[in-house]
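Asker: Got a structure for you, questions after.
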Amino acid sequence: MSGEWLSLLTLGILLVLLVTGMPLAFATGLTAVILILSTYGPDALYLIPSRMLTLMGNYALIAVPMFVLMGCLLEKAGIVERLFHALHVWSGRLRGGLAVGTLLTSTILAAMVGIIGAEIVVLGLVCLPAMLARKYDRRLALGVICSGGSLGTLLPPSIVLIVYGLVAQVSIGELFLAAVLPGLLLAGLYIAYVMAVCYFQPEKGPLADAADLDMPFGEKVALGRALVLPILLIGVVLGSLYTGVATPTETAGIGVLGALILVFINGKFSFGMMADVLKQTGSTVAMLTWVFFGASALVGIYTLGGGTSFLQGMISDLPLPPLAIVVVMMLILIVLGAFIDWIGITLLTMPIFVPIIRDLGFDPIWFGILFTMNMQISYLTPPFGPAAFYLKAVAPPDVTLGEIFRSVIPFVMLQVLGLAIVLLFPQLTQFLPAMMQ
């Protein structure tokens with residue numbers, strides 16, 4: 001079967017299965033089975049468990065469940081409320097200070113947790129009621145929660161970066177370093193936008209209460225203790241990786257230990273809490289693993305049939321300059337991100353795109369950051385937009401999905417702006433890795 005027909009057949013089967021509502025993990029796996037039977041016959045079905053066993057033997061994958069466990073523990077550690085209160089008090093004299101404090105809290109949380117669903121739910125439970133109670137514009141508050149909560153896609157220890165590093169076979173440590181400045185750039189764009197909106201439309205972001213504004217300086221400094229342990233954990237976890245003291249897998253173990261210590265210090269430990277954390281971790285990792293298996297099997301069969309070589313040649317032969325080809329890839333990813341979750345997109349497209357990037361002479365680390373920023377956009381864009389669904393689950397009953405999706409439009413535009421800046425100025429992703437060499 002030619003690469004063209006194999007590609008059309010693969011796309012057609014996958015779309016039909018997804019339209020029926022079948023989960024992506026099983027849709028990709030079943031597509032792989034159909035392709036094997038139609039191309040090589042039943043004797044070749046052994047290729048699927050062979051691909052699964054190869055994937056299971058990848059030691060670096062242990063970092064994924066460990067970082068998920070770390071994130072689940074930190075969600076239960078009770079640090080978000082203290083962080084939010086401290087940052088709110090310090091930014092209280094700014095118009096929109098509560099929203100700015102929410103974005104700062106979400107940035108710190110993203111650098112610790114790296115699990116988008118957990119971040120948005122916690123921010124929705126803690127920060128959203130506070131903003132609504134102080135008469136903040138509702139759309140601004142909803143947009144801040146969704147966009148701030150999605151920063152964990154990009155800021156290390158991002159699970160997206162880990163999976164991309166494994167698929168693209170690049171250093172996860174370098175990816176983490178390369179993601180820091182683009183992540184802070186996005187957070188800065190969000191904060192600048194909120195401050196500008198609240199400056200020109202003060203009613204959208206009122207000042208803090210008089211009690212917070214008049215708090216003695218000593219008390220404000222005391223509130224800063226809430227930042228010490230989270231920042232120390234971030235420093236230990238990421239510092240051990242950046243300095244080469246620990247591998248990504250070992251760093252994940254250090255993070256789990258640090259998260260457990262925080263849980264104990266804050267008095268949140270209980271056997272019931274641990275049971276919930278392990279159940280949540282197991283559920284998340286099981287979902288990720290089955291998507292890994294299904295997509296890995298499909299990519300393996302598709303590559304064996306010549307489909308990957310066909311697509312690589314078709315994209316490389318486009319009559320466009322190299323940077324324009326990267327832009328085309330970004331557009332493809334934006335469209336896919338509206339319908340498929342990031343795990344499937346990573347495993348299905350990166351084996352095709354990354355070799356092209358290397359052939360064009362671009363840095364796969366830089367491309368990985370672009371890809372991750374693109375996946376961050378996918379968290380906010382309908383109809384998939386999981387950030388909106390996470391927030392809807394904890395928002396007041398009168399908040400609709402349509403309202404949430406409308407509220408994120410300005411932040412999606414800021415994400416596209418950030419993506420364009422990193423696309424045009426790759427030095428943003430190269431500065432920190434070069435410093436650490």
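The values are calculated or read from the model by the stated rules, or taken from the named source; none is laboratory data. Just so you know, these numbers come straight off a predicted model, no measurement behind them. Note: ideal-geometry Cβ built from the backbone for every residue, glycine included; neighbour counts use all protein chains shown. For the accessible areas, the whole protein counts, side chains as well, though only heavy atoms, and no ligand, DNA or RNA atoms are used. Shrake-Rupley method; radii C 1.70, N 1.55, O 1.52, S 1.80 Å.
Asker: Among what's in the stretch 399-434 and is part of a loop (DSSP other than H, G, I, E, B) and in contact (Cβ under 8 Å) with a residue 24 or more places away in the chain, pick the residue that is surrounded by the fewest Cβ atoms within 10 Å (Cβ to Cβ).
Answerer: Filtering the stretch 399-434 down to residues part of a loop (DSSP other than H, G, I, E, B) leaves 399-400, 408, 425-426.
Next, only the ones that are in contact (Cβ under 8 Å) with a residue 24 or more places away in the chain stay: 399, 408, 426.
Details: VAL399: 20, VAL408: 28, PRO426: 17.
Per the criteria, the residue is PRO426.
Asker: Then there's this: Of GLY294, GLY258, which residue is more than 17 Å from LEU69 (Cβ to Cβ) and out of contact with any strand residue (DSSP E or B) (no Cβ under 9 Å at 6 or more places or on another chain)? Give the steps one after another, and end with the answer.
Answerer: Details: GLY258 fails: more than 17 Å from LEU69 (Cβ to Cβ).
Exactly one residue qualifies, and that residue is GLY294.
Asker: Does LEU73 satisfy the condition of being surrounded by fewer than 24 Cβ atoms within 10 Å (Cβ to Cβ), assigned to a helix (DSSP H, G or I) and in contact (Cβ under 8 Å) with a residue 60 or more places away in the chain?
Answerer: On the way: surrounded by fewer than 24 Cβ atoms within 10 Å (Cβ to Cβ): no; assigned to a helix (DSSP H, G or I): yes; in contact (Cβ under 8 Å) with a residue 60 or more places away in the chain: yes.
Considered against the rule, which asks whether it is surrounded by fewer than 24 Cβ atoms within 10 Å (Cβ to Cβ), assigned to a helix (DSSP H, G or I) and in contact (Cβ under 8 Å) with a residue 60 or more places away in the chain, LEU73 comes out as no.
Asker: Right, something else. Suppose we filter LEU125, LEU94, LEU181, LEU132 for residues that are open to solvent by 10 Å² or more (accessible area, probe 1.4 Å) and touching a Cys at 6+ places or on another chain (Cβ under 8 Å); which single one remains? Even if it seems obvious, please write down each step before you answer.
Answerer: Details: LEU125 fails: touching a Cys at 6+ places or on another chain (Cβ under 8 Å); LEU181 fails: touching a Cys at 6+ places or on another chain (Cβ under 8 Å); LEU132 fails: touching a Cys at 6+ places or on another chain (Cβ under 8 Å).
From the options LEU125, LEU94, LEU181, LEU132, the qualifying one is LEU94.
Asker: Still on this structure: Quickly run through the stretch 219-241 and pick out the residues that are open to solvent by less than 50 Å² (accessible area, probe 1.4 Å), at pLDDT below 70 and of a type outside the set (A, V, I, L, M, F, W, C). Before you say what the answer is, go through the steps one by one.
Answerer: Here is the first cut: in the stretch 219-241, the residues open to solvent by less than 50 Å² (accessible area, probe 1.4 Å) are 220, 222-224, 226-227, 230, 233-235, 237-241.
With at pLDDT below 70 added as a condition, the list becomes 220, 222-224, 226.
Selection gives LYS220, GLY224.
Asker: With (1) surrounded by 22 or more Cβ atoms within 10 Å (Cβ to Cβ); (2) among the small types (Gly, Ala, Ser); (3) not in a helix (DSSP H, G or I) as the list, and ALA388 as the residue in question, which single condition is left unmet?
Answerer: That leaves (3) as the condition not met.
Asker: Would you confirm, using the coordinates I've provided, whether ALA246 is open to solvent by less than 40 Å² (accessible area, probe 1.4 Å) and in a loop (DSSP other than H, G, I, E, B)?
Answerer: On the way: open to solvent by less than 40 Å² (accessible area, probe 1.4 Å): yes; in a loop (DSSP other than H, G, I, E, B): yes.
The answer is yes for ALA246.
Asker: Follow-up. Got a number for residues in the stretch 1-54 being β-branched (Val, Ile, Thr), open to solvent by less than 60 Å² (accessible area, probe 1.4 Å) and over 18 Å from PHE293 (Cα atoms)?
Answerer: 1
Asker: Follow-up. When the stretch 356-379 is examined, which residues are found to be farther than 16 Å from SER171 by Cα, open to solvent by 10 Å² or more (accessible area, probe 1.4 Å) and modelled with pLDDT of 90 or more?
Answerer: The answer is ASP359, LEU360, GLY361.
Asker: Only residues that are open to solvent by 10 Å² or more (accessible area, probe 1.4 Å) and touching a residue at least 40 places away in the same chain (Cβ under 8 Å): list them for the stretch 340-351, please. Break it down stepwise before answering.
Answerer: So the first thing to find is which residues in the stretch 340-351 are open to solvent by 10 Å² or more (accessible area, probe 1.4 Å), and the list is 340-342, 347-349, 351.
Selection gives ILE340, ASP341, TRP342, LEU347, LEU348, PRO351.
Asker: Determine whether ILE120 is closer than 23 Å to ASP341 by Cα, open to solvent by less than 10 Å² (accessible area, probe 1.4 Å), in contact with a Pro (Cβ under 7 Å, 6 or more places away or on another chain) and at pLDDT below 90.
Answerer: Values: closer than 23 Å to ASP341 by Cα: yes; open to solvent by less than 10 Å² (accessible area, probe 1.4 Å): yes; in contact with a Pro (Cβ under 7 Å, 6 or more places away or on another chain): no; at pLDDT below 90: yes.
No.
Asker: From SER150, SER158, SER171, which residue is of a type in the set (S, T, N, Q) and open to solvent by 30 Å² or more (accessible area, probe 1.4 Å)? Reasoning before the result, please.
Answerer: Working: SER150 fails: open to solvent by 30 Å² or more (accessible area, probe 1.4 Å); SER158 fails: open to solvent by 30 Å² or more (accessible area, probe 1.4 Å).
Step by step, each of SER150, SER158, SER171 is checked, and only SER171 is of a type in the set (S, T, N, Q) and open to solvent by 30 Å² or more (accessible area, probe 1.4 Å).
Asker: So LYS268 fits all but one of (1) more than 20 Å from LEU8 (Cβ to Cβ); (2) charged (D, E, K, R); (3) exposed (fewer than 14 other Cβ atoms within 10 Å of the Cβ); what number is the exception?
Answerer: (3)
Asker: Testing PRO396 on (1) in contact (Cβ under 8 Å) with a residue 40 or more places away in the chain; (2) open to solvent by less than 50 Å² (accessible area, probe 1.4 Å); (3) not in a loop (DSSP other than H, G, I, E, B); (4) not charged (D, E, K, R), one condition comes back false. Which one is that?
Answerer: Failing condition for PRO396: (3).
Asker: Still on this structure, I have one more. Restricting attention to the stretch 281-339, report how many residues are part of a loop (DSSP other than H, G, I, E, B), open to solvent by less than 40 Å² (accessible area, probe 1.4 Å) and more than 20 Å from THR372 (Cβ to Cβ). Let's see the steps before the verdict.
Answerer: We begin by selecting, within the stretch 281-339, every residue part of a loop (DSSP other than H, G, I, E, B); these are 305-306, 317-321, 338-339.
Going one step further and asking which of them are open to solvent by less than 40 Å² (accessible area, probe 1.4 Å), we end up with 305-306, 338.
Right, trim to more than 20 Å from THR372 (Cβ to Cβ) and you get 305-306.
Here the count works out to 2.
Asker: Closer than 20 Å to LEU15 by Cα and at pLDDT 80 or above: does that describe LEU320? Spell out how you get there, then give the answer.
Answerer: Details: closer than 20 Å to LEU15 by Cα: no; at pLDDT 80 or above: yes.
For LEU320, the condition - closer than 20 Å to LEU15 by Cα and at pLDDT 80 or above - is not met.
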